[in-house]
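Data block below; observations after.
The values are calculated or read from the model by the stated rules, or taken from the named source; none is laboratory data. Since this is a predicted model, take the numbers as computed values, not measurements. With ideal geometry, Cβ positions are generated from the backbone for all residues, glycine too; neighbour counts draw on all protein chains shown. In case anyone asks, the SASA skips ligands and DNA or RNA and just uses the protein heavy atoms, side chains included. Shrake-Rupley method; radii C 1.70, N 1.55, O 1.52, S 1.80 Å.
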Amino acid sequence: MKNWRSILVNENNTLLETMKIIDVSSMQFAAVVDGDLNLLGTVTDGDIRRSILRGEGLDVPIKQVMNPSPICATIENTYSDCLNLLKRHKLKQIPIISEGNKIIDIIFADEDPITKNNENTVILMAGGLGTRLRPLTENIPKPMLNVGNKPILETIIEGFKQYGFTNFIISVNYKKEVIQDYFQDGTAFGVSISYIEENKRMGTAGALSLLKEKPTSPIFVMNGDLLTQVNFEQLLHFHEDTDAVATMCVREYEYQIPYGVIETDGQQLVSIKEKPMQRSFVNAGIYVLSPEVFDYIPQGEFYDMPDLYKQLIEKQNNVSAFPVREYWLDIGHMSDFERANSDYEEELK
């Protein structure tokens, strides 16, 4: 039984404070209450990520982000009634309230999500040459470089496995035998692994055309040179809750313009902002794709994932962005590799 009292927050708690409570509890949910424990609203992990996308900032009071009219059950409802409500409304949890709107319990659809087996396939892209990390990659593919005491690819697989995802397909090319000899069929790692082989450069999306069968449920696609603490189950729930055909993980990127930026109105100089900070969301190299997306992928051709997303957007499909607020590092350069090794003990072990 989960300790639902640990996820009660005050309406004046900030988004950041609420985010920390949700992360510590791992329940992906918080209930907003007043001093008398009257339910004011609810907040999900998805609500928080959508607020980040809107640029509302981490110091806004959670009452600006919460759902003020959540679906609830009452003390008159049986446990079976609550389960039916969860199923009918596709909820992960439902608050139980008394006649005076005081929260007395929270029923969760899945009391132990970590131990269940998720059947969704994870496709890891590990066929790159890793030229920017030479000489380290002269005889070994980049995803097999050790960070901490194990290959990057093994850490990625462990990250998915802790959320119950155990079905993997690894796309290989450069030094493929190093990867295949190490992981084999995945039995030694408690997972199932098969391989697709790129005989030529196919791009992140083009390699998916090599799959023997079209998926029947959403799949993950992830670059094999990333280290992250993303909750992959939350990512899948976000994809499903937004009814998206494709979801792209995005990362906030901040940079400073090294000059005074001028704003004008015609010939009139309106303002000068000295060396302003700019913030944008960038592609984080992690994706969730529903089966219908495969109709857009050309067979046997080079096709990168951004091109697939552009086509999906042009065809007016529902495409979502999932902001990554957890640890994330793309190991593209030697400095990134060195940082990954220094981060390992604190962030990834």
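Count, please, the residues in segment 229-254 that happen to be open to solvent by 20 Å² or more (accessible area, probe 1.4 Å), closer than 30 Å to residue 146 by Cα and not in a loop (DSSP other than H, G, I, E, B).
Of the residues in segment 229-254, 5 are open to solvent by 20 Å² or more (accessible area, probe 1.4 Å), closer than 30 Å to residue 146 by Cα and not in a loop (DSSP other than H, G, I, E, B).
Just name the residue that is farthest from residue 289 (Cα to Cα) out of those in segment 179-214 that are among the aliphatic types (A, V, I, L, M) and surrounded by fewer than 18 Cβ atoms within 10 Å (Cβ to Cβ).
Restricting attention to segment 179-214, the residues satisfying the condition of being among the aliphatic types (A, V, I, L, M) are 179, 188, 191, 193, 196, 202, 205, 207-208, 210-211.
Next, only the ones that are surrounded by fewer than 18 Cβ atoms within 10 Å (Cβ to Cβ) stay: 188, 210-211.
On the way: 188: 28, 210: 16, 211: 14 Å.
Once the filter is applied, the top-ranked residue is 188.
For every residue, the table says whether it meets (1) assigned to a strand (DSSP E or B); (2) more than 21 Å from residue 240 (Cβ to Cβ); (3) open to solvent by 70 Å² or more (accessible area, probe 1.4 Å).
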| residue | (1), (2), (3) |
| --- | --- |
| 36 | no, yes, yes |
| 43 | yes, no, no |
| 47 | no, no, no |
| 52 | no, no, no |
| 70 | no, no, no |
| 105 | yes, yes, no |
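Checking the structure you have, find out if any residue of segment 4-18 is open to solvent by 80 Å² or more (accessible area, probe 1.4 Å), part of a helix (DSSP H, G or I) and of a type in the set (A, V, I, L, M).
no
Please go through segment 255-272 and pick out each residue that is open to solvent by 80 Å² or more (accessible area, probe 1.4 Å), over 28 Å from residue 325 (Cα atoms) and touching a residue at least 12 places away in the same chain (Cβ under 8 Å).
Within segment 255-272, 259, 272 qualify.
So in segment 275-302, with the set limited to residues that are at pLDDT 90 or above and assigned to a strand (DSSP E or B), which one is farthest from the chain's Cα centre (by Cα)?
289
Which residue is nearest to residue 136 (Cα to Cα), if the candidates are limited to segment 311-344 and must be among the hydroxyl-bearing types (Ser, Thr, Tyr) and open to solvent by less than 60 Å² (accessible area, probe 1.4 Å)? Before you say what the answer is, go through the steps one by one.
So in segment 311-344, the residues among the hydroxyl-bearing types (Ser, Thr, Tyr) come out as 320, 327, 335, 342, 344.
After this cut, where a residue has to be open to solvent by less than 60 Å² (accessible area, probe 1.4 Å) as well, the list is 320, 327, 344.
Values: 320: 36, 327: 24, 344: 19 Å.
So, considering only residues that are among the hydroxyl-bearing types (Ser, Thr, Tyr) and open to solvent by less than 60 Å² (accessible area, probe 1.4 Å), the one nearest to residue 136 (Cα to Cα) is 344.
Kindly provide the set of residues from segment 150-204 that are part of a strand (DSSP E or B), over 24 Å from residue 303 (Cα atoms) and of a type in the set (Gly, Ala, Ser), ordered by number.
The answer is 192, and nothing else.
Are there any pairs, at least 6 apart or on different chains, whose C-beta atoms fall under 9 Å, with the first in segment 74-93 and open to solvent by 70 Å² or more (accessible area, probe 1.4 Å) and the second among the hydroxyl-bearing types (Ser, Thr, Tyr), and if so, which?
Final answer for the pair search is 75/98.
In segment 166-199, how many are farther than 22 Å from residue 209 by Cα, among the aromatic types (Phe, Trp, Tyr) and under 24 Å from the mean Cα position of the chain (by Cα)?
Adding up the residues that qualify gives 1.
Which pairs do you get when a residue that is under 17 Å from residue 164 (Cβ atoms) and charged (D, E, K, R), found in segment 186-204, comes within reach of a residue that is in a loop (DSSP other than H, G, I, E, B) and open to solvent by 80 Å² or more (accessible area, probe 1.4 Å), reach meaning Cβ atoms under 7 angstrom, with the pair 6+ apart or on two chains?
Correct list of pairs: empty, since none qualify.
Kindly establish whether residue 217 is over 26 Å from residue 342 (Cα atoms), of a type outside the set (A, V, I, L, M, F, W, C) and open to solvent by 20 Å² or more (accessible area, probe 1.4 Å).
Yes: the conditions hold for residue 217.
Just wondering, is there one or more residues in segment 326-338 that are in contact with a Leu (Cβ under 6 Å, 6 or more places away or on another chain) and on the phi > 0 side of the Ramachandran plot?
No.
For residue 168, only one of the following conditions fails: (1) crowded, with 21+ Cβ neighbours inside 10 Å; (2) free of Cβ contacts under 8 Å to residues at least 60 places away in the same chain; (3) hydrophobic (A, V, I, L, M, F, W, C); (4) under 26 Å from residue 333 (Cβ atoms). What is its number?
(4)
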